[in-house]
Amino acid sequence: MILRIYDYFSKHKPMLFASLALFTVVLVASVVRLSYKEDISDFLPVGTSDRESLAVYQNISGANRLFVVFRNTADADSTTSQIDYFEERVRERDTLGWCSDLTTKFDLDKLAETSEFVYGNIPYFLTDADYSRMDSLLAQPDFVRQRMAADREMLLFPTGDLLSENMSKDPLGLFAPVVSCLHGASGNMKFEMHDGYIFTPDMSRAIVMLTSPFGNSETDMNARLTELLKQSVDDTRKAFPETDATVVGGPEIAVGNASQIKNDSLIAVALTSVLIMWLLLYSLRSVRNIVLILLSVGWGWLFALGAIALLNDSASIIVIGISSVILGIAVNYPLHLIVHSGHERNVRSAMKEIFVPLVIGNITTVGAFMALVPLQSTALRDLGLFASFLLVGTILFVVVYLPHFVKIKTAGSETKMLDLLARFCPEEYRGIVRLVVILTLVFGWFSFGAEFDSNMANINYMTDEQRSEMAYFQQILSGDSATNVQIVYVVSSDSTFDGALAESQKKQSAIDSLVSAGTVASHAGVRQFIASESEQNRRLERWKRFVGEHRDVFGRVLSEESAKAGFSADAFSEFQMLVADTTSLSAKPFEYFAPLTQQVFSGNLSFDKETSKCAVVDILKVDESRVGEVEALFSHSFDVQSMNSAISDSLSDNFNYIGWACSLIVFFFLWFSFGRIELAILSFLPMAVSWVWILGIMAIFGIKFNIVNIILATFIFGQGDDYTIFMTEGCQSEYAYRKPILASYKSSIIQSALIMFVGIGTLVVAKHPALFSLAIVTIIGMFCVVFMAYLLPPLLFGIVTAPKRPVSLASACRTLLLGILFVVEMPFIAMLRPMRMSLRNSGISMLHRFNLRLLFGLRIKQMKAENDAFRKSSVVVFNHRSMLDAMLIVALNRNIILKSQTPESVWQKIFLWLCGCSCDNVDVLLGAGCSVALLTDEASACEVAKALKADILPVVIHGSDKIISDESLVINGGTVTISVEKKVSYSDSSVLETISARYDELCRNIENSSYFVGLVKDLYMYRGVDIMRTVNRNLRRNGNYSAIVDVPVSAAKVVIDGVGYGEAALLFTLVHPDVQVVAVEADADKRTVAQNCIGEVAPNVEVVESCLADDSALVINLKK
């Protein structure tokens, strides 16, 4: 398909440029409508309690607040003058009203208004405890008279005028405790006042406060706001040289982080640009090719932005920035094509060779990044989509447009250094392989110690001064210097504040119990002053009853006693109006209490604009050892430490899912793409081992994962599967065509890896801890991935293809199963060997019958023997061709015992020991009544029988050499046929002829196309997915070619025309080994595959391009 597109555009160049221009214009038009945002909280899971907790905490804790700290170096009056001048400069510069909330000192008028509001609405704020207190006071004799006398004395003080206002509202002092509670209700902040200006308790600093209208996450706007404040500080410093002022706070720290990231990135980008350009010029020696690589990646970037614009109205700048790491993967695609083109005769040939690994690598990597899409985090979803679109756009440009711009490099343009690295084969050095095995075991042991750093403060960039000031203000804001006390926030939320207040009211009894028990040291909340409408109605009813019960006291008694004390008749008119009018009182909406909610209780109320959720927060101070106990009592509660840990743990869990999802997606697609699970395992194993190395190295050196560098998990998987896919494809291509193509793939992998090392590795110069950790993990990860991709695919591929019949997963599992059985059975065999011979032989024979039955895919077919074949001792003579024969003979009958007559290797000795091979002499064994099977050739066994004058039992085994060959210990599947012949005398000279004739008969009856088809499929399974699927399809469609294979052939020579990849010719020569076969195939690539495949097992086949007519030869034409 892709070659047809290439051929079409090669002939229609105007269509090529027109389609490219059209697509580019459409993408640009789509990108233009895209807006951008910069909100780090998008990385948090959407719709979770953790996100809600963070939103609540930011709203109530001052996370959005900026502080301008003036150090009180001289005297307080001088510092207040600096503050006044600073405020003037801010007001002048603030033309957009960003600093309208600037607070330089407390507004005493607002405090008075708040107190007046409380007195005027006192029925809404009285609790059952207040009524008990007031009933107790009013029940005292002469309480009113004593209170009037005290009021009169208070008016004689110099502050009497100030007190008279409150006295008019509360002449009996019944409501004063409630107002006192108001002043300490939110009381977390501990400050000193100096002429209304705000100082810290030790008077060392004066504080100016401002709440950022942009929140804590929009660093771009906050950067402009903090710059305005810093410029005003500079102006103040010019007017007052002694000024020592600093801007601190959550938004400023976020701005500092963003600024440091930008500075670090600029340095890294500049360094990276220089090094990568030098690297590309050094390796490619072509400015044109460098431009083509940049063009390919740039078009992929444009494609990703255009696609995101179709799905969303906005994109995160942070996500786009992180996605720049994906360029390291995207650059692989044009780089592989350009480098590989230098090893081919033309671009079309290069496309044919490299298209499959390019597309497989792209799809698996895109699948890995698409695993991010189901996550609840908005930013991670966008990251998955953007990365996927970037890779899809790049691969489209590379396979459709780039081939028409690439020019083949001239000979001799390669660099010696890269050429040496590309030709380095670490799998050929046993020392390296052994070292890797040892290190893998060591790193695997330490990998369990890899940790995730849940403290997000460790990846924040802060100057020493900022850390000092923030720690100081945390202590002030917490209102407690004790280090063992933590604040627990109990959250009650609802879609309305009235609902949230009702929820909060339900929790008050539990909170009171904790306070009474001493579990909670103190409690700050809104319950007395801000109540739900239902609670208000209850309080108002209680107020009406209270006024009715004491109407005489509030009317007649108060009038008489106040007159006696010298007060005028209207001195307490406001109080009398309050108690007189009880019918007009009704529940008020939440907005009515704005004088309280906007000032005093702003730290207990939260409104999330994004979710429109209202929350009421009770603040509890708890000993840190009992925080968990308290939080367990409430459905939604948190402390800062547990919230940070929960958020990080949530992200960590997401990436656990990402790891498994990426693994499964990549593995199953590799399986589907390669068509064999063996190749999927071979390609996947380097990634798994490299991950073990990464975890082990990080654990050994104390490097921890965090929410930034763990994003590389997906990236490393994406990069790793690209590399291993290319190496596996290269191995298959070399195996199929015997063409040295692996060096070309290695060269492009080296260049890609070096670009990634340089691209992200330069961040080691970064001061920002998050970027530095990103660089360290990248360097470790890329080293492990590249090294494993270099070593393991060729090593494992060489192991599985070393035998004439390649190793399949089934054969490997059978071999492993038998090995496990032998290890388990070894103690039992050791116990059996010293026992009586009959008991020993029976036990060992039974064990091996059991073993043979467990070996799935292996069928043992035994011809019926004579009844007395094993009753009397004899020498068993059989055609010994495989190690499997020992097991088969022992399992044949419990009266048979093995005796080896030839030298063995160490492994053979162990195997024969497990099969019960005896060390006794043959005559001793025969004398004991056993039949002795000699592991030697048939002629030697007959000579032994003749010398001992023992009967001979001929046994013919067919197929064991196809199960376990002499060159390999791997157990293949198949059928073994055992024929026990009639026992004969030692003097019978026809034994060898009988065995040979019987074996030939079994071959004629058994060996047909169906018998050998499994071997043929195995011979083609590692020569490329297209070749394997073509061969399997041809075998299936042609019924294993039984029509031409399973027929008698009298001709000495057979010509098979149009053999394709040679599967028909191979089957024919396996069934007819005595016939000379000439396989004809005109296609050079197919002919090469056929030569390489057939030549390994059938030397009597000649594969040619064409053949002259031969009247004596039988011609079979497969082209029809």
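Quick notes on this structure:
Here is a yes/no grid of residues against (1) surrounded by 15 or more Cβ atoms within 10 Å (Cβ to Cβ); (2) assigned by TED's automatic domain parsing to the domain that holds Ile860; (3) at pLDDT 90 or above:
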| position | (1), (2), (3) |
| --- | --- |
| His958 | yes, yes, yes |
| Ser965 | yes, yes, no |
| Lys982 | no, yes, no |
| Tyr986 | yes, yes, no |
| Ser989 | no, yes, no |
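- Among the criteria (1) within 30 Å of Val800 (Cβ to Cβ); (2) buried (at least 17 other Cβ atoms within 10 Å of the Cβ), the one Leu969 does not fulfil is (2).
- Ala521 vs. criteria surrounded by fewer than 19 Cβ atoms within 10 Å (Cβ to Cβ), modelled with pLDDT under 90 and over 44 Å from the mean Cα position of the chain (by Cα): no
- The set of residues in segment 953-984 being out of contact with any strand residue (DSSP E or B) (no Cβ under 9 Å at 6 or more places or on another chain) and part of a loop (DSSP other than H, G, I, E, B) consists of Ile964, Ser965, Asp966, Glu967, Ser968, Leu969, Val970.
- Only one entry in Ala254, Ala307 is modelled with pLDDT of 80 or more and surrounded by 15 or more Cβ atoms within 10 Å (Cβ to Cβ), namely Ala307.
- The residues of segment 678-701 that are within 14 Å of Leu792 (Cβ to Cβ) and β-branched (Val, Ile, Thr), listed by number, are Ile681, Val689, Val692.
- Among residues of segment 80-106 that are assigned by TED's automatic domain parsing to the domain that holds Thr200 and without any contact (Cβ under 8 Å) to a residue 24 or more places away in the chain, those with a Cβ under 9 angstrom from a residue that is part of a helix (DSSP H, G or I) and of a type in the set (Gly, Ala, Ser), sequence gap 6+ or separate chain, pair up as Glu88/Ser232; Glu92/Ser232.
- Condition check for Lys909: closer than 21 Å to Ile844 by Cα, free of Cβ contacts under 8 Å to residues at least 60 places away in the same chain and in a helix (DSSP H, G or I): yes
Residue-by-condition table, conditions (1) surrounded by fewer than 21 Cβ atoms within 10 Å (Cβ to Cβ); (2) of a type outside the set (Val, Ile, Thr); (3) more than 30 Å from Gly857 (Cα to Cα):
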| site | (1), (2), (3) |
| --- | --- |
| Ile716 | no, no, yes |
| Pro740 | yes, yes, yes |
| Thr762 | no, no, yes |
| Val785 | no, no, yes |
| Ala789 | no, yes, yes |
| Pro803 | yes, yes, no |
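- Selection status of Ser874, in contact with a strand residue (DSSP E or B) (Cβ under 8 Å, 6 or more places away or on another chain), farther than 21 Å from Thr994 by Cα and modelled with pLDDT of 85 or more: no
- Flag for Tyr1011 being modelled with pLDDT of 90 or more, among the hydroxyl-bearing types (Ser, Thr, Tyr), in contact with a strand residue (DSSP E or B) (Cβ under 9 Å, 6 or more places away or on another chain) and crowded, with 18+ Cβ neighbours inside 10 Å: yes
- Only one of Phe446, Phe473 that is at pLDDT 85 or above and either touching a Leu at 6+ places or on another chain (Cβ under 6 Å) or in a helix (DSSP H, G or I) (or both): Phe446
- Within segment 106-137, the residues that satisfy the criterion of being modelled with pLDDT under 80 and either among the charged types (D, E, K, R) or touching a strand residue (DSSP E or B) at 6+ places or on another chain (Cβ under 8 Å) (or both) are Phe106, Asp107, Asp109, Lys110, Glu113.
- Within segment 1010-1118, helices (runs of 4 or more DSSP H) holding 2 or more residues that are among the charged types (D, E, K, R), touching a residue at least 40 places away in the same chain (Cβ under 8 Å) and outside the structural domain of Ile360 (by TED's automatic domain parsing): 1025-1037
- Meets criteria (surrounded by fewer than 16 Cβ atoms within 10 Å (Cβ to Cβ) and more than 60 Å from the chain's Cα centre (by Cα)) for Asp512: no
- The requirement of being outside the structural domain of Ser752 (by TED's automatic domain parsing), at pLDDT below 75, in contact with an Asp or Glu (Cβ under 9 Å, 6 or more places away or on another chain) and farther than 28 Å from Asp7 by Cβ is satisfied by Val319.
- Selection count where residues are within 25 Å of Ala736 (Cβ to Cβ) and among the small types (Gly, Ala, Ser), scope segment 992-1026: 3
- Selected residue [modelled with pLDDT of 85 or more, of a type in the set (A, V, I, L, M, F, W, C) and loosely packed, with under 15 Cβ neighbours inside 10 Å] from Val68, Val28: Val28
- Tyr1041 at pLDDT 90 or above and within 24 Å of Met883 (Cα to Cα): no
- Residue count for segment 574-620 under the criterion of being assigned to a helix (DSSP H, G or I) and in contact (Cβ under 8 Å) with a residue 24 or more places away in the chain: the result is 14.
- Only a single item in (1) closer than 23 Å to Val976 by Cβ; (2) modelled with pLDDT of 90 or more is not met by Tyr1020, and it is number (1).
- Residue match in segment 10-24 (condition: outside the structural domain of Ile207 (by TED's automatic domain parsing) and modelled with pLDDT under 80): yes
- Residue list for segment 503-517, filter: in contact (Cβ under 8 Å) with a residue 24 or more places away in the chain and over 16 Å from Thr127 (Cβ atoms): Glu503, Ala510, Leu514
- There is no residue in segment 219-239 that is at pLDDT below 80, outside any helix (DSSP H, G or I) and outside the structural domain of Lys746 (by TED's automatic domain parsing).
- In this structure, Ser940 does not satisfy being without any contact (Cβ under 8 Å) to a residue 60 or more places away in the chain, in contact with a strand residue (DSSP E or B) (Cβ under 6 Å, 6 or more places away or on another chain) and either assigned to a helix (DSSP H, G or I) or over 19 Å from Ile995 (Cα atoms) (or both).
- The set of residues from segment 557-573 being crowded, with 18+ Cβ neighbours inside 10 Å and either in a helix (DSSP H, G or I) or among the basic types (Lys, Arg) (or both) comprises Leu558, Glu561, Ser562.
- Condition check for Ser495: modelled with pLDDT of 85 or more, of a type in the set (Ser, Thr, Tyr) and surrounded by fewer than 17 Cβ atoms within 10 Å (Cβ to Cβ): yes
- Residue in segment 826-834 that is out of contact with any helix residue (DSSP H, G or I) (no Cβ under 8 Å at 6 or more places or on another chain), surrounded by 13 or more Cβ atoms within 10 Å (Cβ to Cβ) and either at pLDDT below 85 or not in a loop (DSSP other than H, G, I, E, B) (or both) present: no
The values are calculated or read from the model by the stated rules, or taken from the named source; none is laboratory data. Remember, predicted model here, so these are calculated numbers, not experimental data. All Cβ positions, even for glycine, are placed from backbone atoms using ideal geometry, and neighbour counts span all protein chains on display.
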